[in-house]
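Notes for the one structure printed next.
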Amino acid sequence: LDILRDRQVSAVFFVPADYAAREPALVQRMIDEGHVVGNHSNNHPVMPAQTIEKMEYEVLSLHEYVLDHFGYEMFLFRPPTGAYSVQSLAVLQNLGYKTVLWSFQHYDYDTNDQPSNTTAYNTITNNAHNGAIYLLHAISEANAAVLGDVIDYLNTEGYTIQLFS
C-alpha cells in the first residue's frame, strides 16, 4: 500500500472473508486510499462446483460483512482459482457483480516457494501488454520488493496504469 500510495497508483484488492476479518485496518486503508476492494468469496470454493444457493452465500456473506464493517459496497468478483461456468457468471451478474479475471498470473502464492526478486521483476515486466490485468498475490515478498520498480518500468515504457472498474 505504501508503494502504491507513493507512486499514486490505485489497485483492486480481491479479498476473501478470512482476510477481511483478520486485517480490518488494511482493508480500511485500501478503501480510504481509493483502491477498490473486490469480493473473492467467503470460503474460497471452486464456484462452478457449488449450488446456486451456495454461490449466493459465498458472495453475499462477504458482501454483507464488508458493508457492515466498512460501509463499503463491493461490485467486482474474482472467482477463486479462476474457475467459472456460465451458471456461476449468471449468478454473479444477478447479484450485481462484474466478474474479473486476468491476462497475467504470476505464480507467487506459495510462501514456501517464492521467486527471487529478479525473477519476479523479469516475469512481470516481460508480460506487460496493453490492457493487462495482473494477478499478483499480496503475500508474495518478491512482489512487494519489486512493485515500485515494476510501476516505474511500466510508466517508462509508456503504459498507463489505471484502476479497473
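The values are calculated or read from the model by the stated rules, or taken from the named source; none is laboratory data. Worth saying up front: this structure is predicted, and the values here are computed from it rather than measured. Cβ: placed from backbone, ideal geometry, glycine included. Neighbour counts: every protein chain shown. Accessible surface is based on the protein model in full, side chains and every heavy atom, while ligands, DNA and RNA are left aside. Shrake-Rupley method; radii C 1.70, N 1.55, O 1.52, S 1.80 Å.
A few points about this structure:
- Taken across the stretch 24-33, residues that are under 25 Å from Ser88 (Cβ atoms), acidic (Asp, Glu) and either at pLDDT below 95 or outside any loop (DSSP other than H, G, I, E, B) (or both) do not occur at all.
- Those residues of the stretch 123-165 which are in a loop (DSSP other than H, G, I, E, B) and hydroxyl-bearing (Ser, Thr, Tyr), in sequence order: Ser140, Tyr159, Thr160, Ser165
- Restricted to the stretch 91-122, and to residues there that are over 29 Å from Val59 (Cβ atoms) and either part of a loop (DSSP other than H, G, I, E, B) or in contact with a strand residue (DSSP E or B) (Cβ under 9 Å, 6 or more places away or on another chain) (or both), the residue that is most open to solvent (accessible area, probe 1.4 Å) is Asn112.
- Test for Val59: is it outside any helix (DSSP H, G or I), touching a strand residue (DSSP E or B) at 6+ places or on another chain (Cβ under 9 Å), at pLDDT 95 or above and surrounded by 12 or more Cβ atoms within 10 Å (Cβ to Cβ): no
- For Ser88: the one exception among (1) modelled with pLDDT under 95; (2) assigned to a helix (DSSP H, G or I): (1)
- Any hit, the stretch 63-74, residues being assigned to a loop (DSSP other than H, G, I, E, B), under 19 Å from the mean Cα position of the chain (by Cα) and surrounded by 12 or more Cβ atoms within 10 Å (Cβ to Cβ): yes
- The residue pairs whose first member lies in the stretch 2-20 and is under 16 Å from Asn143 (Cβ atoms), whose second member is among the aliphatic types (A, V, I, L, M) and part of a loop (DSSP other than H, G, I, E, B), and whose beta carbons are closer than 6 Å, counting only pairs six or more residues apart or on different chains, are Leu4/Ala11; Val9/Ile161.
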